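For reference, the structure is listed below as structure tokens.
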Amino acid sequence: MTDETPHPHSRAGLQQRFGPRYRWWVLLTVMIGTMASIMASTIINVAVPDISRVFGLGQERAQWLSAGFMAAMTLSMLTTPWLLARFGYRRSYVGVVLLLLVGGVVGGLSPWFGLVLAMRVVEGLAAGILQPIPAIIVMRAFEPHERGRAMGVFGFGVVLAPAVGPSIGGVLVEWFGWRSIFFVVVPFCIAAVLMARRFLSIHGPGDAAPARGGARLDVRGLALIAVVVLTLLNGMVELHSESKLIGAALLACSAVALIVFVVYQRRTAHPLMELRLFEHKAFSMGSVVAFIYGMALFGSTYLVPVFMQIALHLPPSQAGAALLPAGFVLALTIPVASRLVDRLPINRVVATGLLLLAASFLLMITVGPSTSLLWITLWAIVGRIGLGCVLPSLNLGAMRGLPDAFISHGASTINFMRQLGGAVGISLVGIVLEWRLQAPPHDPVRGFHETFLLVGAITACAVVAALRMGGGTRLSPRPAA
């Protein structure tokens with residue numbers, strides 16, 4: 001092999017081998033792995049009532065099946081830039097997909113709730129590393145005028161997972177029990193590994209060969225942000241228990257750890273999170289949108305299936321089927337919205353999507369035990385149209401104008417903000433719901449309605465930040481240490 005001949009498993013070598021369509025094969029490969037991780041994230045919600053009955057759990061403990069997944073996912077995605085630089089795309093991707101596979105298989109066979117929860121955390125760790133990779137691929141492999149279309153194609157495929165997931169999960173729970181839903185990720189993981197070995201480069205971002213002498217993982221930063229997230233979530237739970245002083249102490253600990261984390265990240269040579277990204281106005285406003293949007297989206301994803309089963313007394317399969325048309329509408333909306341991204345101001349597309357999403361939550365307060373399933377489906381469709389406007393727009397809008405050196409950090413950070421919001425949102429929804437269900441007159445429908453009102457108000461707050469997304473200061477790479 002001469003100096004001019006690229007390595008056969010590098011990006012250049014694979015492009016020579018597979019031709020102009022190679023970048024689309026790469027996108028399809030990472031899409032399958034992401035579908036598996038999203039399926040693992042959302043399909044559990046249909047089974048929460050069944051798992052709660054089997055293990056005798058209250059809402060405040062059952063919500064940790066989702067919140068634990070989200071917390072692990074939130075923390076691990078900050079390690080994606082380091083993993084890709086250290087091990088390359090192929091080894092990193094295959095490793096985390098296999099980790100997701102192990103979490104699904106062991107979780108489905110677990111006889112104790114503690115082990116089920118542990119495997120949810122394992123799945124969350126793998127899913128977190130996977131989440132930023134598609135945005136990195138799109139920003140590096142596609143030209144600016146193609147990125148909206150690429151995100152639209154990626155989004156169309158990925159939303160099929162949450163669209164079909166609740167329906168499949170509802171049927172599996174009724175026919176085979178809650179354990180069966182853990183095994184849904186298995187075929188996706190196997191397909192993702194096989195395709196990764198064929199299409200993914202062994203090199204990392206920037207086509208640099210993985211090197212053992214590269215930047216070290218910021219373990220101290222990771223430990224600090226873990227303290228921030230875990231004390232925050234546990235503090236929120238304790239505030240609703242009899243140990244309110246413990247809850248307040250945990251929240252104070254989270255605030256102190258956040259301050260220490262920010263100071264440390266500004267001083268270290270190889271930060272876990274590149275805080276200079278927030279000097280870019282579009283990115284900083286996009287991060288605010290991502291956090292609030294994550295709170296509303298993931299909080300409602302947990303809330304809606306539980307609402308239909310506990311308050312409306314629908315079986316899991318019927319609850320999942322009611323959400324299926326909305327999922328398909330979402331899949332059809334994303335390609336249309338992705339074309340708008342290339343033609344209209346991104347901030348307006350995002351703001352419109354958030355308004356529709358907020359409206360769908362507020363409309364849910366009109367739903368009661370005597371309400372036709374048609375109305376539930378229609379309100380869900382309104383929200384999914386809004387979601388379809390936000391999905392292909394937010395990452396592109398936040399990272400537009402970032403230098404290449406910041407793309408990996410930008411993708412992992414914007415996903416971190418969304419998932420942190422999601423973890424907080426799931427905990428907040430679980431806590432508020434338990435509080436309102438126990439309050440007189442002990443009307444479950446009213447308790448859910450008040451929680452939907454909260455979620456809708458949170459979503460509406462993100463519109464202000466979305467409208468302020470725009471250009472920003474051009475960033476320069478961090479000087480070498």
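Of the conditions (1) small (G, A, S); (2) crowded, with 17+ Cβ neighbours inside 10 Å; (3) within 24 Å of the chain's Cα centre (by Cα), A255 satisfies every one except a single condition; which number is it?
All conditions pass for A255, except number (2).
Within the group V237, V329, which residue is under 30 Å from V445 (Cβ atoms), touching a residue at least 40 places away in the same chain (Cβ under 8 Å) and not assigned by TED's automatic domain parsing to the domain that holds P403?
V237
Matching residues to (1) of a type in the set (S, T, Y); (2) closer than 23 Å to V306 by Cβ; (3) in contact with a Ser or Thr (Cβ under 9 Å, 6 or more places away or on another chain):
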residue: D342; (1), (2), (3): no, no, no
residue: I346; (1), (2), (3): no, no, yes
residue: A351; (1), (2), (3): no, no, no
residue: L354; (1), (2), (3): no, no, yes
residue: S370; (1), (2), (3): yes, yes, no
residue: T377; (1), (2), (3): yes, yes, no
residue: A380; (1), (2), (3): no, yes, yes
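Name every residue in the range 119-132 that is more than 12 Å from the chain's Cα centre (by Cα) and either farther than 17 Å from A423 by Cβ or among the β-branched types (V, I, T) (or both), in order of residue number.
The answer is M119, V121, V122.
Go through the range 264-303 and give me each residue that's among the polar types (S, T, N, Q), closer than 19 Å to P81 by Cα and under 21 Å from the mean Cα position of the chain (by Cα).
S287
Is it the case that P392 is out of contact with any strand residue (DSSP E or B) (no Cβ under 8 Å at 6 or more places or on another chain) and surrounded by fewer than 21 Cβ atoms within 10 Å (Cβ to Cβ)?
Judged against the criteria, P392 is not a match.
Of the residues in the range 352-375, how many are more than 17 Å from P325 (Cβ to Cβ) and not in a helix (DSSP H, G or I)?
Number satisfying all stated conditions: 3.
Please specify each residue of the range 244-257 satisfying the condition of being modelled with pLDDT under 95 and either touching a Lys or Arg at 6+ places or on another chain (Cβ under 6 Å) or not small (G, A, S) (or both).
If the condition is that a residue be modelled with pLDDT under 95 and either touching a Lys or Arg at 6+ places or on another chain (Cβ under 6 Å) or not small (G, A, S) (or both), then K244, L245, I246, L250, L251 are the ones that fit.
The values are calculated or read from the model by the stated rules, or taken from the named source; none is laboratory data. Since the model is a prediction, treat every value here as computed from it, not as a measurement. Virtual Cβ from ideal backbone geometry, glycine too; neighbours counted across all protein chains shown.
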